[in-house]
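First the structure, in the form of structure tokens, and then the observations on it.
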Amino acid sequence: MMTKPTLTEHRSPWVVFTSPADPWLASETAALVQRNGLVLRLDGREMRDPASVFRTFARELSFLGYFGHNWDALVDCLHDWHGPGHGNQDLAILIEHADDLLNSDFLGLFVSVLAQAAWNSNLRLDGDGELDEWRQRIAQHFVFLLDHTAPVAFTEKAARGMDVAVALADGRLLATLTDVDWPGAETPPPPLDGRPALLRGQRDPQRHDHQGHQAVPRPPRLLDPRGPGHPSVPL
């Protein structure tokens, strides 16, 4: 089950939506810095379309010249990122003023890409799902900071990302990866009020893969909060 979010441990949730006034954020960023980790802040207002997302990440994280300015390249550069002079430090990337991303048509894909990069950085598993002993694990997480929008408003669009599952907990929206292709990922918890609050990997006509190809439509589904063995229910 997905536990309380962290910025210092090698576990999911990989992506969190919350308020900049959230006490959890102040506590976790302070703990990360105390461990010699890095906290980088990006301006979500600059991310109006995929091209501006790529430019912002490339500039603020000093990607090398071979960065291909596409979603696959963003995954690669994030999970292999060492930063000039930073070695293998743990990393939290805060996307500030992220409210307007709710109106974007690429939010689900964006969340999926960030979660995949974090999964790679944190777990360092090889093709057989075993720990890659040749690569150091790095705690890497992403936080969308919302100035005036409740995290719950992002639930449906964030869940459109490929293999993404989201859950609401303590007023935050948490995102992880739940498909068999992502071993070691945790599943979100059942909601406290008894209602299914977990949306998973919606395939709809607006969802695209990393190459921009349109995905095959499939009805959104809610994961049954009772866990494996119980069929999910089409919305």
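Computed from the coordinates by the stated procedures, all read-outs in this text should not be read as laboratory data. On a predicted model such as this, the values are computed, not experimentally measured, just so you know. Every residue, glycine as well, gets a Cβ built from its backbone with ideal geometry; the counts of neighbours run over all protein chains shown.
Side notes on the structure shown:
- Length available on full extension from R41 to R137: 0.36 nm per residue minus the Cα-Cα distance, which gives 32.4 nm.
- If R0 is 45 Å, the Cβ-Cβ spacing of H69 and A21 corresponds to a FRET efficiency of close to 0.85.
- Gained length - D100 relative to V33, 0.36 nm times residue gap less alpha-carbon distance: 21.3 nm
- At R0 = 22 Å, FRET efficiency that the Cβ-Cβ distance of S52 and V152 yields, to 0.05: 0.25
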